[in-house]
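Have a look at the structure below before the remarks.
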Amino acid sequence: MQPPPTARDLAARILLEEERKRTRIRDLLASRRPGLSDSRDRGLLTELAYGTVRRRGTLDAVLAPRSRRRLDRLSGTVRTALRLALYQVLFLDRVPAHAAVDHAVTWVRRGAGAKAAGYANAVLRASVAQVTGHALGKEDPRRDVPRDDGSAIRLKDETFADPETDLAANLAARYACPRWIVERWLGLFGEARTKATLTVGIQRPPLSLRARGSRDDLYHVLKEAGASVRAGPVESALLVEGGGETAALAAVGRDEAWVQDATAQRVAPLLRPERGQRLLDLCAAPGGKTLHLTDLLDGAGEVVACDLDAEKVAMLSQLAARVRGDVRLQVCTIEREGPYPFEPASFDAVLVDAPCTNTGVLRRRVEVRWRLKPEDIETLAGIQRDLLERSLPLVKPGGRLVYTTCSLEPEENEAVAAAFLEAHEGELEREHTLQVPAGRDADGGFAAVFRRK
């Protein structure tokens, strides 16, 4: 009888499935984490899965010179094992290098045979031999691998491109981001902001809570439970780090809080909800902003939450049990094209939380950076413009239409908002614009608030 799978076994399976089927890491973890009874193993599984995908570009840059064959020509089993083991060596101080390598070799042997295992062993030992320890003194951009805590690991050989001649290639490899995105940001934002944004993209985000009641009361509850918690950048936000996840999720279970990034917490108030109003949240899943809108209606009113996918709408339906007071939550499926199934001018405010490139949340949506293509930006901008045009007739005169993304790209943000305003100059006025850069305590995002005259 085979022993039950370890956290490393499950992480390797998740990484292999993510690459083959392009499934979200979050969804894969949700199905595999319950298979581990120890909370420490579940934490390790989460760290390995998210971290290995987040730092894939850096791992490949270190592995490639030590592999006689191109990484993309190796079997998925070997490539996954190499990345997973090297992630532990470079970024997890408490994991002995030999333990990471031994697991990788054993896993490859089981899945691809002895010859492949021998190859993986040779590549990993050559890669591990490159690690000299923590970088000290002045940064060496050709040998230093930055870590999310601000430290760096120094390699023996010059592994990364010379930043003096190819800055984009250097940053792309060291900060694990596709070169085309780095080149784009350097042109848009300059070197300092690009490097700051890339630094956020390799960080483990804190667990961000929205207090559904008093933030001070929730803070004290979490502190008494032993959580490491601090105030977030908006008045409803608390950030939990270290070992406070259990206490935080218990507070969510008691309806005292909801898991939501601080930038996302700024969106629902932009609609200026008032008691008794009827609000529409398009593209609403997974429902964090929907629930926030219900909380802001002060016990009376209606929120209609929509999405394209029936499975997502079913997820939204589960929020009904968490709605407070006499607020009514209605959920429905909408079509990708054509008019929405609502009467004209029937909502006091409409939220268009549009699908986007997600470049403001790359540290959370870790697989996105490896799937995006340059042409996706304009494709999504077209979808965003269409959503706004279809939503405007639903807003009452004097009502608000809020457009928001979690993107950093101007074509999806200001360009879409400006074109929409210009197309309806006599009908709309812009009340407010919110632009948040990606930071350690909050994700990047954009919002524009329009009022129908």
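The values are calculated or read from the model by the stated rules, or taken from the named source; none is laboratory data. Predicted model, so just to flag it, every value in this text is computed and none were measured. Every residue, glycine as well, gets a Cβ built from its backbone with ideal geometry; the counts of neighbours run over all protein chains shown.
The set of residues in region 61-86 that are free of Cβ contacts under 8 Å to residues at least 60 places away in the same chain and under 16 Å from Thr159 (Cβ atoms) comprises Ala64, Ser67, Leu71, Leu82, Leu86.
When region 29-52 is limited to residues that are crowded, with 21+ Cβ neighbours inside 10 Å and of a type in the set (A, V, I, L, M), the one that is nearest to Arg371 (Cα to Cα) turns out to be Ala49.
The set of residues in region 204-232 that are surrounded by 14 or more Cβ atoms within 10 Å (Cβ to Cβ), part of a loop (DSSP other than H, G, I, E, B), modelled with pLDDT of 95 or more and of a type outside the set (Lys, Arg) contains only Gly232. Consider Arg40 carefully, then state whether it is assigned to a helix (DSSP H, G or I) and either of a type in the set (Phe, Trp, Tyr) or at pLDDT 90 or above (or both). Here the answer is no, as Arg40 does not meet what is asked.
Within region 233-243, the residues that satisfy the criterion of being surrounded by fewer than 22 Cβ atoms within 10 Å (Cβ to Cβ) and of a type outside the set (A, V, I, L, M, F, W, C) are Pro233, Glu235, Glu241, Gly242, Gly243. In a residue-by-residue description of region 80-97, the property of being touching a strand residue (DSSP E or B) at 6+ places or on another chain (Cβ under 9 Å), farther than 26 Å from Arg179 by Cα and among the aliphatic types (A, V, I, L, M) applies to at least one position. Looking for something under 27 Å from Val78 (Cβ atoms) and touching a strand residue (DSSP E or B) at 6+ places or on another chain (Cβ under 6 Å) - is there at least one such residue anywhere in region 134-143? Yes. Of all the residues in region 199-227, those that are closer than 15 Å to Glu241 by Cβ and touching a residue at least 12 places away in the same chain (Cβ under 8 Å) number 12. Taking region 233-262 as the range and being charged (D, E, K, R) and assigned to a strand (DSSP E or B) as the test, only Glu241 passes.
Any residue that is touching a Ser or Thr at 6+ places or on another chain (Cβ under 9 Å) and either at pLDDT below 95 or among the small types (Gly, Ala, Ser) (or both) - is there at least one of those in region 381-391? No.
Of the residues contained in region 346-354, none is found to be closer than 22 Å to Ser208 by Cα, more than 19 Å from the chain's Cα centre (by Cα) and of a type in the set (D, E, K, R). Scanning region 189-226 for residues that are within 23 Å of the chain's Cα centre (by Cα) and of a type in the set (A, V, I, L, M, F, W, C) yields Phe189, Ala192, Ala196, Leu198, Val200, Ile202, Leu207, Leu209, Ala211. Just one residue in the set Ala268, Ala314, Ala284, Ala248 is touching a residue at least 40 places away in the same chain (Cβ under 8 Å) and more than 24 Å from Pro344 (Cα to Cα); that residue is Ala248.
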